[in-house]
Amino acid sequence: MSNWIGRGLRRGILTTNYPFQGEAMPERYRARPIVFPGATNEHIERGAAVCLSAAIQRSERGAIINMQRCFQCGECARIAPEAFTFTNDFELALTGDSIEMVRAELRRRTRALGRSIHIRHVDCGSDASCEQELQAIFNPFYDANRLGIFLTASPRHADILVATGVVTHAMVEPLRRTYDAMPSPKVVIALGSAASSGTIFADDDVAGPVDRFVPVDVKVPGTPPAPLTIIHGLWVALGHVTAPRPGAA
Amino acid sequence: MEAADRAMRRVTEGARFVWLFCEAGYTDRMLHYVTDLDGKLEFARGVVPESGEVASIAGVVPAARWYEQEVHNRFAVRFNGSTDHPPIIKSPEQDAEKLRRALGDEVSTVLYGPVRSGIVESACWIIETAGEDFVAVHPSMFFKHRGLEKRFEGATLELAPFIAEHISGVTPSSHATAFCRAVETVCGIDVPPRARAARTILVELERVHQHLDSLAKLADDGSLSIGSAQTFAAKERVHRLLSEATGHRFGRGSICVGGMRSDIFGALRTAAERELDIVEREALSVLRGLFGTQSLLDRLIGTGRLSRETVQAYGGVGPVARGSGVVNDARLTDGWLYAPLDAPAAIDLNGDAMARARVREAEIRQSFRLVREALDGSPTGKSCVDQERIQGKGRAHTRVESPQGELLYFVHYDEALVRVAVRSASFANWPLFVPSLPGNIFTDFSFIEHSFGLVQSETDR
């Protein structure tokens, strides 16, 4: 018979203190693409030309990267390292105006419930990696349960709907029905760049990004977003930290 | 059609039916029948007659059924004589049809999906049941069909490997390697040894984390919370190693046509020197734990049993096939790995969930060995061929042993990508899920599903 508890104790505590304390991803990890200030037009053009999801938009002062469109392939930084690079800053979540109201209501309810929240997941057409990374926030390294975050099997118990993947034609209805089945107030998180913007998918082959079908409160870019990025996104949804709006530089 | 007859003849002579796909040109539709005899693939091609009708071979070759169905749904080829069964590609009308059936039937029929409890990919099962036992199970898939094969057409060779990585985001290196090798075959390129070593390491580490994922989910099904948590922790260590070396937790964005996008072999070696020992130690330690926990094993032994004959009839691949004593491992036949492999890690004859778990355990050990061999070989030189050499025209296919089993890519390249077809291991194995269920009870469903360890997104594409 295996001694699981003894084995766990021998390994000590693996769990991160994030979001109460800082945490770092490896140096090389491609999380957030940035444009160097003062990069020449020529270099920016070269990088923008290889961007496969049109995430790089030209502006008067150089370029703006639309994080929700970026799928972190790293091509811009490889082809035009003079203009682009990736940092390991994993706090990528974006949010809109509507969230404030939902948050206040949600907070009122979760306080009554001892501040725990329950999430319901719907796969709208992901590439399977978003599911495994969402699963990973419950592993001992991240242990989302310590933050009062739990999964629920029923939409009736859910506070947060996490939708992964670009929405396929066949998943439009199941997504809508899950959303409708949830009690208000409800927060919707589009998990991953594909769910947020549709990235590389052709418009007629899929139905579109999640916010075309249900109102989205928080977008968590990444292909897939790392577990720390997901926890940050959930923290943003709960109003513990703030996040920029989509489209902001 | 002659090609179909030839494939059928080969199957009756003992070949494995591998694949049937359609290539639509401007004026005609061509069917490719793929069979495998002793590890050698044979493609038989034939043009669909103007009537659009072809004789079905599914009556003789059950493995051909799903492929005929997909070709019918996507390319409107009619397969005469095939028994009527619901289309496998989703359309809204089918929902109503299924619901009607679910309501009007005498046997209680349960719709399970497409949104299920927990963090799972979308797929639906129509379960006919008489109480606790499974009577029959009908899969309804392709909810996640994203038109990715079509997305390849006309795509540049820079973009195309990323599309391959989107087909299965959890095994991106297997898909990118298979796609890139197909184009490399068209162009007559041999990738440099340093790139081959890096690809080997990425694909084998992928096998480790996906097998651990399957085992962790089995432990969770068996209410072994601590064992499951620790297995997921062992998996997390593999992702951390990959993200340190490649900049991505699944190793994406590393492989390109002609080799590697950047010289990551050095980074892999540095990360491995620091971490591989502990990653391996933790993985092997949880494996010992899992296979020493009788309460878990009791749920696996005898569950979801598949006979050798069934696996052969349906053309099963990967750990599912090896767990039933059927050996087909692309690593044995298509030697592109850095260090050649001459024997499968394990063959189990029992055919149950336990056998599949045992095969995964042995393969994890073997993958660590292959990773070390590639690291120790430490080849020097370039990581990618010159871009000018990437040109050519023609058709080619390759196979790579992905964690789920044999993965095939067919590429027709003529200055641009004309057609890319993908036969994933998950697509080949789902038909086996159906015969594995009857005789088991409801609570065995998740054990059987997780012992298969298949990826829905690479099935639906």
task = From other protein chains only, count the Cβ atoms within 10 Å of every residue's Cβ in A:134-143, then give the mean.
result = 5
key: Antiparallel content of DSSP bridges confined to the protein assembly as shown, in %, to 5   = 75 percent
query = What full-extension length gain, to one decimal in nm, is calculated for B:I441 and B:T156 as 0.36 nm per residue of separation minus the Cα-Cα distance?
reply = 97.7 nm
remark   = In nm², the average projected area of the convex hull spanned by the Cα atoms of the range B:249-394 is 11.8 nm²
note = So for the range B:410-461, using the alpha carbon gyration tensor with a ≥ b ≥ c as root eigenvalues (a/c under 1.5 gives rounded; past that, a/b versus b/c decides prolate or oblate), I'd call it prolate
request  = Over the range A:94-237, consider all pairs of different Cα atoms and compute the Kirkwood hydrodynamic radius from their mean reciprocal separation; express it in Å, one decimal.
outcome  = 15.0 Å
request  = Order the peptides B:17-30, A:7-20 from the highest to the lowest mean number of other Cβ atoms within 10 Å of their residues.
outcome  = B:17-30, A:7-20
ask   = If you place +1 on the Cβ of every Lys and Arg, -1 on the Cβ of every Asp and Glu, and leave all else neutral, what size is the dipole of the range B:2-80 about its Cα centre, to the nearest 20 Debye?
value = 140 debye
message = At 222 nm, what value in deg cm²/dmol follows for chain B if DSSP H runs of at least 4 each add -39500 (n - 2.57) and the sum is divided by all its residues, to the nearest 500?
response = -14500 deg cm²/dmol
note = Heads up, chain B by the C-alpha gyration tensor (a ≥ b ≥ c square roots of eigenvalues; a/c under 1.5 rounded, else a/b over b/c prolate, else oblate) looks oblate
request  = Would you kindly derive the ³J(HN,Hα) couplings of the range A:210-225 from the backbone phi angles with the Karplus curve 6.51 cos²θ - 1.76 cosθ + 1.60 (θ = phi - 60°), listing them in order in whole Hz, with x for Gly and Pro?
outcome  = 4, 5, 6, 10, 9, x, 9, 9, 9, 10, 10, x, x, 10, x, x
Formal net charge of residues neighbouring B:A229 (Cβ-Cβ distance under 9 Å; K, R +1; D, E -1) = -2
query = If you find the alpha carbon centre of the range A:1-72 and of the range B:313-333, how far apart are they in angstrom?
reply = 38 Å
ask   = Going through the DSSP H helices of chain B, which span 27 Å or more along their own axis at the Cα atoms while scoring at least -1.0 as a mean Kyte-Doolittle hydropathy?
value = B:193-221, B:225-246, B:265-290, B:353-377
remark   = By the mean-Cβ-within-10 Å protection proxy, highest first, A:30-38, A:169-177, A:190-198 rank as A:190-198, A:169-177, A:30-38
Listed residues B:P403, B:G292, B:L276: farthest to the positive end of the dipole of chain B (Cβ charges) = B:L276
task = Go through the range B:370-461 and name the GluC sites (Glu not before Pro) that are in a DSSP coil and have 11 or fewer other Cβ atoms within 10 Å of their Cβ.
result = B:E415
request  = Would you give the gap between the C-alpha center of the range B:358-393 and the C-alpha center of the range B:16-56, rounded to a whole Å?
outcome  = 32 Å
Shielding score for A:3-9, defined as the mean number of other chain Cβ atoms within 10 Å = 4
inquiry  = What do you get for the angle between helix A:99-112 and the principal long axis of chain A? Use alpha-carbon atoms, 0 to 90 degrees, nearest ten.
reply    = 20 degrees
ask   = Other chains near A:169-181: what is the mean number of their Cβ atoms within 10 Å of each residue's Cβ?
value = 4
request  = Could you grab the relative contact order for chain B? Cα pairs under 8 Å, six or more apart, rounded to a whole percent.
outcome  = 19 percent
ask   = Along the range B:132-142, what does the Karplus equation 6.51 cos²θ - 1.76 cosθ + 1.60 (θ = phi - 60°) give for ³J(HN,Hα), rounded to whole Hz, x for Gly and Pro?
value = 8, 8, 7, 8, 7, 10, 10, x, 10, 10, 6
note = In whole percent, the Cα-Cα distances of the protein assembly as shown spread across 20 Å bins from 0 upward as 18, 55, 26, 1
inquiry  = Could you compute how fast chain A diffuses translationally, taking Rh as the Kirkwood radius over C-alpha pairs and applying Stokes-Einstein at 20 °C with viscosity 1.002 mPa s? Give it in µm² per second.
reply    = 113 µm²/s
query = Helix-derived [θ] at 222 nm for chain A: sum -39500 (n - 2.57) over DSSP H runs of at least 4, divide by residue count, nearest 500?
reply = -7500 deg cm²/dmol
key: Quotient of C-alpha Rg and 2.2 N^0.38 Å, computed over the range B:2-80   = 1.02
key: Prolate/oblate/rounded call for the range A:32-87, Cα gyration tensor, a/c under 1.5 rounded   = rounded
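A short reminder: the numbers here are calculations on the coordinates, not readings from a lab. Predicted model only: the values in this text are computed from it and were never measured. Every residue, glycine among them, receives a Cβ derived from its backbone with ideal geometry; neighbour counts consider all protein chains shown.
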